[in-house]
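Any read-out appearing in this document is the output of simple, stated calculations on the displayed coordinates, not a laboratory observation. Please read all numbers here as calculations on a predicted model, not as lab measurements. As a convention, Cβ positions derive from the backbone with ideal geometry for all residues, glycine included, and neighbour counts pool all protein chains shown.
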Amino acid sequence: MYTNSNGLISVEIGTGSNVNGSFAAIPWENGPFFIETQVDATGGANYNIIGVTQLLSVPYALHAKTAERLISSDNTNPYKAKIVIFNSSRNVADSDINNTIECTSSATLTMTAGFESMLTGDTINLEAHNGAVLTIQAPPGVKINYNENGKAVFSSSTGNVRFGFLRKTDLNSYIISGQ
């Protein structure tokens, strides 16, 4: 590899022949990654480090190819939210996470303390249908919209749907919008 007349070198990462390992096997999601530049001004093999530069967006964009896993070979999305029928009061369940609660008969969903199956950032879509009232209740020690023992109420009218969104922000803490 050579420099131009100004000493500038251009490197295209991911092309050429592999000397060691496989470029495709680099776990980009475990970054950050850096390139170290070493030079021997005399043209020998006594290199000195002259710079370290972090790799930015382009190589990391290769990790986006993992999104191909979101679509199965028959073009269906296995991660599509499922509809969870909700007609009687109960505690939140693992099957609610990242799915849609469809309330067609007034009922209360209780967010239990220590519900660790739901990770920070996980969500639940909320729907109250055709006159139903969906109440999301927090027991002592659990916060809804920053209020301990809080609640959110979605009241729908006949022939309509009231939508909302629940997102876990921390252990025993949830934000609910749309009420």
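Just one of [x] 10.6; [y] 15.2; [z] 17.4 is mean projected area of the Cα convex hull in nm² as worked out from the coordinates here. Which one is it? Read-out from the structure maps to [z].
When only Cα pairs under 8 Å and 6 or more residues apart are kept, what is the percent relative contact order across the chain?
13
Across the stretch 159-170, coupling constants 3J(HN,Hα) worked out from phi with the 6.51/-1.76/1.60 Karplus curve, θ = phi - 60°, read x, 9, 10, 10, 9, x, 8, 10, 10, 7, 9, 5 Hz, and Gly and Pro carry x. In a simple Cβ point-charge model (Lys, Arg +1; Asp, Glu -1; nothing else charged), the chain has a dipole of about 600 debye relative to its Cα centre.
Over the residues of the stretch 102-165, compute the C-alpha Rg and express it relative to 2.2 N^0.38 Å. The reported ratio for this selection is 1.16.
Grab the other residues whose beta carbon is less than 12 angstrom from that of residue 115, score K and R as +1, D and E as -1, and report the net.
-4
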